[in-house]
Amino acid sequence: MTVIDISPKKDGGVLKEIIKEGIGDETPAPGTNVIIHYTGTLLNGTKFDSSRDRNRPLKFELKKGMVIEGLDIGVATMKKGEIALFTCAPEYAYGKMGNRPKISLNTTLKFEIEMIDWKREDLSPDRDGSITRYRITQGKGYTNPQENALVNVHLTGMYNNKIFEDRDVQFSLEEAELFGVIPGVKKALYHFTSGEISRLKIKSKYAFKDTGNSEFNIPPNATVEYIVELKSFEKAVQSWTLNTNEKIEQAKIFKERGTTYFKANKYSFAITMYQKVISYLKYEDILEEDLKKEENNLILSAYLNLALCYLKLDQYVEAKNSCNKVLELSPQNEKALYRRGQAYLALASPEIAIQDFQEILKIKPENTAATNQIGVCNDLIKKQLVKEKTLYANMFDKFARVDKQKEEKQLQEQPDVMNETLGEWGQEERPGGRDATAFEKENPNILMLNANGTGEFQDM
């Protein structure tokens, strides 16, 4: 058998001998969940550990420091079904200290390993396998793109082994959708390093969902694959690195981008931009009067625009909350009152909405839009009253019917007093054939029938 030095430094620290060839060409990448059987021995053949003896394979994430370095290095070179023998020098095993009592100081170890299976690294938020990665080329360094990072990538999308897109694209991660980048690729890029090339398997949940993509001939609920190369990325500007003037300038940029998205009906992206305006300025303590005024105007504008975006998206509670933020800073802001009134109307609360529109008229009596909305509120309130009146009338009617039915049922279930005393016997027939006089003498205080058919108790 051929012995190969697979140690990173080529110092003979990890040697590999293949006992049985594996299948395919792929080997597990860092972060992959691998399943192996192993038997560890000393150089003299003494066995110190074995998963086979326990009949329980070892499962671990590769290159995450969960096993000794020699195993991480060795397993990463194995194909599915492969069996190999690895010789690990002390510095790639338990080092100078060993692992007493079984492994003494500075001990070289041998491991016979069988690669049973491995699964791609799961990058999906819910760890449900909806986004998995296989690294083709390891990236450089340990830094990943963060939110707002500008990434330069090459995308190759495939469905049923057919390429449906192959392009270079540069975009800010938060705006990936605007550039036709599916959510699964965007989420995966947060785990990439510069220069990395990986194959992604993305289920419909983070791809083209239940609508598919007619342009690419991708049906609904389809799983797709992408080969993604992160050529480079630029870190996003962090607010804490900026001084006050720089934060205000950056907030202006976000506001302009938000307005551009709003005009293009991209309300979700506009919301993201307006939220950034607030996050950059919200906790800034500005002493200069001019800068303080500019900061307040930007924050007020951002909250007002957020309210408008939320109204467009039918997110009325969020719209109301955004207006509340404005009114905390500017209690007589007409736009905030008007938009909050609209939100309350949409939330079926015209009796609350009308108060906001009435408040606007106190500030600006000639505001015809508010006047019209008051009319709308009054109409809705009247309709609600009529509806409630009808509802309660029907409810009481229903209760009355139920009570009557209960009463009738109770009457039906009560014993028939007449039948219990006289039974089915007439005046001419009594039990045992006895005449009426004898029967009545034996049963004093019986309920008798008088001449007109009414019953009364008589003392005998």
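Annotations
- Within the range 254-350, helices (runs of 4 or more DSSP H) holding 3 or more residues that are within 30 Å of LYS382 (Cβ to Cβ), open to solvent by 20 Å² or more (accessible area, probe 1.4 Å) and polar (S, T, N, Q): none
- The range 109-126, residues that are open to solvent by less than 40 Å² (accessible area, probe 1.4 Å) and either over 30 Å from VAL237 (Cα atoms) or among the hydrophobic types (A, V, I, L, M, F, W, C) (or both): LEU109, PHE111, ILE113, MET115, TRP118, LEU123
- Residues located in the range 127-180, provided they are out of contact with any His (no Cβ under 9 Å at 6 or more places or on another chain), surrounded by 14 or more Cβ atoms within 10 Å (Cβ to Cβ), at pLDDT 90 or above and polar (S, T, N, Q): SER130, THR132, ASN152, THR156, SER172
- Residues of the range 48-70 that turn out to be touching a residue at least 24 places away in the same chain (Cβ under 8 Å) and under 18 Å from LYS20 (Cβ atoms), as a count: 1
- Selection from the range 279-310 of residues that are among the hydrophobic types (A, V, I, L, M, F, W, C) and at pLDDT 95 or above: LEU298, ILE299, LEU300, ALA302, LEU304, LEU306, ALA307, LEU308, CYS309
- Pairs, first modelled with pLDDT under 95 in the range 321-340, second of a type in the set (S, T, N, Q) and in a helix (DSSP H, G or I), C-beta under 7 Å, six or more apart: LEU329/ASN296
- Residues located in the range 286-311, provided they are touching a Phe, Trp or Tyr at 6+ places or on another chain (Cβ under 9 Å) and farther than 19 Å from GLU256 by Cβ: TYR310
- Among the candidates VAL14, VAL67, VAL34, VAL75, residue that is under 25 Å from THR193 (Cβ atoms) and either touching a Gly at 6+ places or on another chain (Cβ under 6 Å) or of a type in the set (D, E, K, R) (or both): VAL14
The values are calculated or read from the model by the stated rules, or taken from the named source; none is laboratory data. Keep in mind the model is a prediction, meaning the values are calculated, not measured. We place every Cβ from the backbone using ideal geometry, glycine too, and count neighbours over all the protein chains shown. Keep in mind that these areas ignore ligands, DNA and RNA; they rest on the heavy atoms of the full protein, side chains included. Shrake-Rupley method; radii C 1.70, N 1.55, O 1.52, S 1.80 Å.
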